[in-house]
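Have a look at the structure below before the remarks.
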Amino acid sequence: MAIAAQGTEQDTVDAAVDPDDARAITSDGADFCDLMSDLVGGFERRTGIRTALVVSRSWPAAAPPGITVNLYRIAREALQNAARHSRAKHVSVKLGSLASGKLSMTVTDYGCGFDRSATTVGMGTIEMTERAVLMGGDLWIDTFPGFGTSVHVRVPR
Ligand SMILES: Nc1ncnc2c1ncn2[C@@H]1O[C@H](COP(=O)(O)OP(=O)(O)O)[C@@H](O)[C@H]1O
Ligand SMILES: [Mg+2]
């Protein structure tokens, strides 16, 4: 797993399920980036998919717990989708904040992508979207057959 710090972002995690998730998400006082690092590291070990966690310098030292729990769950589903559906060899998870002050997370797989108009939305997508809306934010998916998939989330602090 690669963990890197990055400058300010413009605008913009079966085998994939983490058995340690219940422990991880209830760890009192655990830093969100550490939890994400555990999620990504565990995902990489179980699936063999090279996975980078990139945390922008603009990511706040302490993000509100209500946001971080939801972001963690969204990342977990996006990673699970990458493992189940994308045949990707590389995945990235990027955390940052936008010029608007909102927090952003993007999970990108460099896999097969899919045709949204020909694909039935599943519970995973519905739940990810509902979590984003619950936080007062939004979630959208960029994908195209052959060009991989990015799940973007944007939430107010
Ligand atoms: N990262 C991805 N790569 C390729 N196809 C994907 C990806 N994510 C989602 N899909 C497609 O979208 C469908 C819906 O995903 P989702 O709502 O998570 O439901 P599920 O994963 O239970 O099928 C998947 O069945 C798959 O066809
Ligand atoms: Mg899914």
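The values are calculated or read from the model by the stated rules, or taken from the named source; none is laboratory data. Since the structure is predicted, the reported quantities are computational estimates derived from the model, not experimental observations. Cβ: placed from backbone, ideal geometry, glycine included. Neighbour counts: every protein chain shown.
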Within region 45-96, can you find the residues that are out of contact with any Gly (no Cβ under 9 Å at 6 or more places or on another chain) and of a type in the set (Ser, Thr, Tyr)?
-> THR47, THR68, TYR72, SER92
Output for region 80-90, where each listed residue is within 9 Å of ligand 1 (Cβ to nearest atom) and touching a strand residue (DSSP E or B) at 6+ places or on another chain (Cβ under 7 Å) = ALA82, SER86, ALA88
Residue hits (region 75-124; assigned to a strand (DSSP E or B) and within 15 Å of ligand 2 (Cβ to nearest atom)) are VAL91, VAL107, ASP109
Quick one: is SER117 within 16 Å of ligand 1 (Cβ to nearest atom), touching a Cys at 6+ places or on another chain (Cβ under 7 Å) and more than 16 Å from ASP31 (Cα to Cα)?
-> no
Take TRP59 and decide whether it is at pLDDT below 95 and either more than 15 Å from ligand 1 (Cβ to nearest atom) or over 11 Å from the mean Cα position of the chain (by Cα) (or both).
-> yes
For region 125-157 the number of residues that are touching a strand residue (DSSP E or B) at 6+ places or on another chain (Cβ under 7 Å), away from ligand 2 (no atom under 13 Å from the Cβ) and in a helix (DSSP H, G or I) is 1
In region 40-82, which residue that is closer than 19 Å to THR125 by Cα and among the β-branched types (Val, Ile, Thr) is surrounded by the fewest Cβ atoms within 10 Å (Cβ to Cβ)?
-> VAL69
